[in-house]
Amino acid sequence: QVQLVESGGGLVQAGGSLRLSCAASGSIFSAISMGWYRQTPGKQRELVATITTTIRSNYGDSVKGRFTITISRDNAKNTVYLQMNSLQPEDTAVYYCNAVYSNREYWGQGTQVTVSS
């Protein structure tokens, strides 16, 4: 059993930055991928970014092409980060951390990100 705890969300003005952290209670070394997803009321959860054990990253269509969002992982700290710069109001959502292992998938409780215009 792995617990994921997100932190770093909050209220920021448009153009501002936030760094989200996802701390895992167990090792993420063997996680096939770690990722961030986001969800707004009435909409499906959507991919923001994932990163594999080989540090191969993938970004969702809603953020692809924006060179202001970067995912990274620190296996030694069992933590995954999402650095978000130049945030826009459309980035407002609950952000969820995700971990995929060979036999199970885990989700965090989510952290709210609100971007004011």
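General observations
- Against the numbered list (1) modelled with pLDDT under 95; (2) in contact with a strand residue (DSSP E or B) (Cβ under 8 Å, 6 or more places away or on another chain), residue 111 comes up short only at (1).
- Enumeration of residues in region 72-117 that are aliphatic (A, V, I, L, M) and either touching a residue at least 24 places away in the same chain (Cβ under 8 Å) or closer than 24 Å to residue 61 by Cβ (or both): 80, 82, 84, 87, 93, 94, 99, 100, 113, 115
- Top-ranked residue of region 54-90 - restricted to ones that are in a strand (DSSP E or B) and hydroxyl-bearing (Ser, Thr, Tyr), ranked as farthest from residue 112 (Cα to Cα): 57
- In region 1-15, residue nearest to residue 100 (Cα to Cα) [restricted to those that are surrounded by 15 or more Cβ atoms within 10 Å (Cβ to Cβ) and at pLDDT 95 or above]: 4
- Looking only at region 91-109, and only at residues there that are assigned to a strand (DSSP E or B) and within 17 Å of residue 17 (Cα to Cα), the one that is nearest to the chain's Cα centre (by Cα): 95
- Of everything in region 24-53 that is part of a strand (DSSP E or B) and surrounded by fewer than 17 Cβ atoms within 10 Å (Cβ to Cβ), the residue that is modelled with the lowest pLDDT is 52.
- If you filter region 54-88 down to residues that are closer than 15 Å to residue 30 by Cα and in contact with a Lys or Arg (Cβ under 9 Å, 6 or more places away or on another chain), you find that the one that is most open to solvent (accessible area, probe 1.4 Å) is 55.
- Selection status of residue 60, closer than 18 Å to residue 81 by Cβ, at pLDDT 95 or above and not hydrophobic (A, V, I, L, M, F, W, C): no
The values are calculated or read from the model by the stated rules, or taken from the named source; none is laboratory data. A quick note: this is a predicted structure, and the numbers were derived from the prediction, not measured. Quick reminder, even Gly has a Cβ in these numbers, built from the backbone with ideal geometry, and neighbours come from all protein chains shown. With ligands, DNA and RNA removed, areas are computed over all heavy atoms of the protein, side chains included. Shrake-Rupley method; radii C 1.70, N 1.55, O 1.52, S 1.80 Å.
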